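This report concerns only the one structure given below.
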Amino acid sequence: MRFAVLGAGAIGGFLAGRLIEAGQDVALIARGPHLAALREHGLRLQSDELGEAHYPSVEATDDPAAIGPVDYVILGLKANALVTAASSARPLLGEKTAVVSTQNGLPWWYFHGTEEAGAPLESVDPGGVIAEALAPERAIGAIMYCSCSLPEPGIVRHTSGIRVPLGEPDGSRSDRVLKLSDAFGAGGLKAPVRNQIQHDLWVKLFGNGVFNPLSALTGKTMLEMVELPETHRLIAAMMEEIREVAAAAGVQIAFSPEQRIEGARRAGYHKTSMLQDREAGRPPELDAILGSILELAERFHVAAPRSEAIYAAAKLLFEKPATAP
């Protein structure tokens with residue numbers, strides 16, 4: 001099968017490497033020094049779980065038109081980058097091309113094919129520009145439980161996690177999602193096909209919606225946030241708010257805040273992606289992760305005062321500094 005990875009950075013580069021390992025035909029779309037390194041030296045993967053690998057000759061470009069239509073487009077970009085980048089994927093789309101979303105938070109296709117019909121999420125897809133470029137019926141959900149970074153151009157560092165649950169928005173076990181699962185599995189990943197990918201999205205968001213913005217605000221790791229009694233109580237209360245929003249949207253989260261907090265405690269001194277964004281001076285996925293929750297809270301009339309406060313503070317934190325008069 002033919003794949004194109006739009007945004008072949010940390011996550012995108014990791015998935016590209018595993019697909020190449022599985023013998024798939026993969027084109028990488030990148031830019032800047034990373035693209036130059038891929039062209040000159042190829043792609044290097046350094047994985048604590050899967051070992052080291054070097055693919056010295058990879059197809060890498062900054063021009064999707066040079067690749068043309070493929071079977072699958074994997075979106076390795078952050079959610080906040082999709083608004084401007086989605087249209088660049090058009091040359092990659094054939095009649096049956098599937099688009100695999102790996103972004104954190106709730107995606108632009110969230111309500112497609114579900115009984116809980118609803119308007120698109122403006123916080124995720126303002127003006128519907130992503131859905132216009134990447135029709136929701138093309139989407140396959142992929143939830144990343146992999147921790148990756150880009151320590152230098154051309155090198156992807158993978159420290160933990162090989163789970164990538166997949167799912168069609170309508171819950172079907174289509175031929176395209178089963179083939180994708182097989183391809184990822186052949187590359188050493190655990191990629192089960194889920195019947196309710198929306199539930200899986202909320203399960204991850206149950207933690208991400210709290211830990212990501214709170215860590216960015218405090219500069220603290222997972223363990224540090226849950227160990228302090230005051231923030232422990234705040235985290236549990238925010239999780240209850242998220243659980244109520246999910247229920248209003250038709251998804252029941254079965255496990256408790258304390259169970260999720262225990263998982264965070266086991267993660268130890270792990271820095272969330274949003275804290276890493278803050279330290280690197282990058283824009284965060286705040287609206288897709290927490291803004292989308294609050295948009296649904298307002299839509300379904302669910303009170304979420306603690307989440308609103310953390311969102312407002314994080315929004316201000318990441319706001320560009322005002323220019324002095």
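The residues of region 70-87 that are surrounded by fewer than 16 Cβ atoms within 10 Å (Cβ to Cβ) and touching a residue at least 24 places away in the same chain (Cβ under 8 Å) amount to a single one, S87. Of everything in region 44-65 that is touching a residue at least 24 places away in the same chain (Cβ under 8 Å) and small (G, A, S), the residue that is farthest from P107 (Cα to Cα) is A53.
Taking region 152-238 as the region of interest, the helices (runs of 4 or more DSSP H) fully inside it that hold 1 or more residues being among the acidic types (D, E) and in contact (Cβ under 8 Å) with a residue 24 or more places away in the chain are 197-218, 222-227. Considering region 179-200, the residues that are aliphatic (A, V, I, L, M) and under 19 Å from the mean Cα position of the chain (by Cα) include one that is farthest from P169 (Cα to Cα), namely L189.
Values quoted throughout were computed directly from the atomic coordinates according to the rules given, and no laboratory measurement underlies them. Small disclaimer: the values here were computed from a predicted structure and weren't measured. Neighbour counts run over all protein chains shown; Cβ positions are idealised from the backbone, glycine included.
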